[in-house]
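**Student:** My questions all concern the structure below.
The values are calculated or read from the model by the stated rules, or taken from the named source; none is laboratory data. As the structure is a prediction and not an experimental result, all values here were calculated from the model. Cβ coordinates were reconstructed from backbone atoms using ideal geometry, including for glycine residues, and neighbour counts include every protein chain displayed. Quick note on the areas: whole protein, heavy atoms, side chains included, nothing else; ligands and nucleic acids left out. Shrake-Rupley method; radii C 1.70, N 1.55, O 1.52, S 1.80 Å.
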Amino acid sequence: NITPTDLAPFCSGGLSNCTLTLGANSHGIYKANGNLTLNAFTFPANQNYVILVNGNLTISGRIRIPTGSTALFTASGNITADRTIGETASDGTTTTIEGVYSADRSFIVDGNNSCSVGADLRLNIAGSVITNGSRLGGSFQNLRDLCANDPFYPTVFFSERVDFILNTPEFLKQPNFTYQEIAP
């Protein structure tokens with residue numbers, strides 16, 4: 001029984017160039033009615049957020065979520081990590097984006113994917129990525145190439161954020177069951 005809050009008033013620059021302006025006690029469910037391009041943002045401490053995007057979500061800056069907070073991003077279309085965000089190939093400690101990301105379609109790690117243009121950045125994700133949430137088709141698409149560093153480092157690296165599981169709001173912790181009768 002939680003009504004989503006329109007995200008647009010909390011987006012300096014509008015939905016197409018959104019720098020969030022969420023305050024210290026602004027936890028809740030927010031909805032973007034249309035495509036959303038999200039700039040860098042550090043979420044407030046000890047708050048839980050659900051960002052619903054009715055369209056595609058493009059992440060164009062670092063997303064930071066302090067321990068004790070959670071942020072779930074879900075899009076009815078694709079979620080794209082812009083080619084401009086990431087770390088040097090050897091940087092396995094700096095997180096680029098944090099959170100739980102669920103795309104009804106694909107999660108796309110955009111890149112130049114051409115060594116003649118230059119090596120792409122490494123994307124370090126702390127949290128989870130879910131694709132094909134609508135079961136209508138979708139995949140994890142890695143379009144980055146580290147060129148000469150490919151044999152030594154991953155283009156995409158995932159690290160755990162167990163605190164996201166522990167701090168997930170109760171209304172999101174609903175078990176899913178699938179039953180199937182199998183003939184002997």
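**Student:** Determine which single condition Gly68 fails, assuming it passes every other condition in (1) modelled with pLDDT of 95 or more; (2) open to solvent by 10 Å² or more (accessible area, probe 1.4 Å).
**Tutor:** Every condition holds for Gly68 apart from (1).
**Student:** Return a yes/no flag: does region 87-94 have any residue that is hydrophobic (A, V, I, L, M, F, W, C), open to solvent by less than 40 Å² (accessible area, probe 1.4 Å) and closer than 24 Å to Asn48 by Cα.
**Tutor:** Within region 87-94 (the criterion being hydrophobic (A, V, I, L, M, F, W, C), open to solvent by less than 40 Å² (accessible area, probe 1.4 Å) and closer than 24 Å to Asn48 by Cα), the answer is no, since none of the residues qualifies.
Table: residues versus (1) acidic (Asp, Glu); (2) over 18 Å from Gly127 (Cα atoms).
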site	(1), (2)
Pro9	no, yes
Ser12	no, yes
Asn17	no, yes
Ala24	no, yes
Asn35	no, yes
Asn46	no, no
Asp82	yes, no
Glu87	yes, no
Asp104	yes, no
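**Student:** Inside region 39-51, can you point out the residues that are of a type outside the set (A, V, I, L, M) and either in a loop (DSSP other than H, G, I, E, B) or touching a His at 6+ places or on another chain (Cβ under 8 Å) (or both)?
**Tutor:** Once the filter is applied, which keeps residues that are of a type outside the set (A, V, I, L, M) and either in a loop (DSSP other than H, G, I, E, B) or touching a His at 6+ places or on another chain (Cβ under 8 Å) (or both), region 39-51 yields Asn39, Phe43, Pro44, Asn46, Gln47, Asn48, Tyr49.
**Student:** Those residues that are more than 12 Å from Phe157 (Cα to Cα) and open to solvent by 30 Å² or more (accessible area, probe 1.4 Å), I need them from region 115-130; list them, please.
**Tutor:** Pass one, region 115-130, residues more than 12 Å from Phe157 (Cα to Cα): 115-120, 130.
Hits for region 115-130 are Cys115, Ser116, Val117, Ala119, Ile130.
**Student:** From the residues in region 140-169 that are of a type in the set (Phe, Trp, Tyr) and under 16 Å from Thr94 (Cα atoms), which one is farthest from the chain's Cα centre (by Cα)?
**Tutor:** Ranking the qualifying residues of region 140-169, first place goes to Tyr153.
**Student:** For Leu22, state whether it is of a type in the set (A, V, I, L, M), open to solvent by less than 10 Å² (accessible area, probe 1.4 Å) and out of contact with any Asp or Glu (no Cβ under 7 Å at 6 or more places or on another chain).
**Tutor:** Details: of a type in the set (A, V, I, L, M): yes; open to solvent by less than 10 Å² (accessible area, probe 1.4 Å): no; out of contact with any Asp or Glu (no Cβ under 7 Å at 6 or more places or on another chain): yes.
No: the conditions fail for Leu22.
**Student:** Looking at Gly77, Gly133, Gly137, can you tell me which residue is more than 11 Å from the chain's Cα centre (by Cα), small (Gly, Ala, Ser), within 30 Å of Ala24 (Cα to Cα) and surrounded by fewer than 20 Cβ atoms within 10 Å (Cβ to Cβ)?
**Tutor:** From the options Gly77, Gly133, Gly137, the qualifying one is Gly77.
**Student:** Something else now. Considering region 40-61 alone, what residues qualify as being touching a strand residue (DSSP E or B) at 6+ places or on another chain (Cβ under 8 Å) and open to solvent by 30 Å² or more (accessible area, probe 1.4 Å)?
**Tutor:** Ala40, Thr42, Asn48, Leu52, Asn54, Asn56, Thr58, Ser60
Residue by residue, here is whether (1) among the hydrophobic types (A, V, I, L, M, F, W, C); (2) touching a strand residue (DSSP E or B) at 6+ places or on another chain (Cβ under 9 Å); (3) touching a residue at least 24 places away in the same chain (Cβ under 8 Å) holds:
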position	(1), (2), (3)
Ile79	yes, yes, yes
Ser90	no, yes, yes
Thr96	no, yes, yes
Ser106	no, yes, yes
Cys115	yes, no, yes
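**Student:** Give me the pairs, please: first residue somewhere in region 1-23 and assigned to a loop (DSSP other than H, G, I, E, B), second residue anywhere and open to solvent by less than 40 Å² (accessible area, probe 1.4 Å) and among the aliphatic types (A, V, I, L, M), beta-carbon distance under 6 Å, and either six or more positions apart or on two chains.
**Tutor:** Ile2/Ile29; Pro4/Ile29; Leu7/Ala32
**Student:** Something else about it: Need the failing condition index for Glu181 against (1) without any contact (Cβ under 8 Å) to a residue 40 or more places away in the chain; (2) of a type in the set (Asp, Glu); (3) touching a Ser or Thr at 6+ places or on another chain (Cβ under 9 Å), just the number.
**Tutor:** (3)
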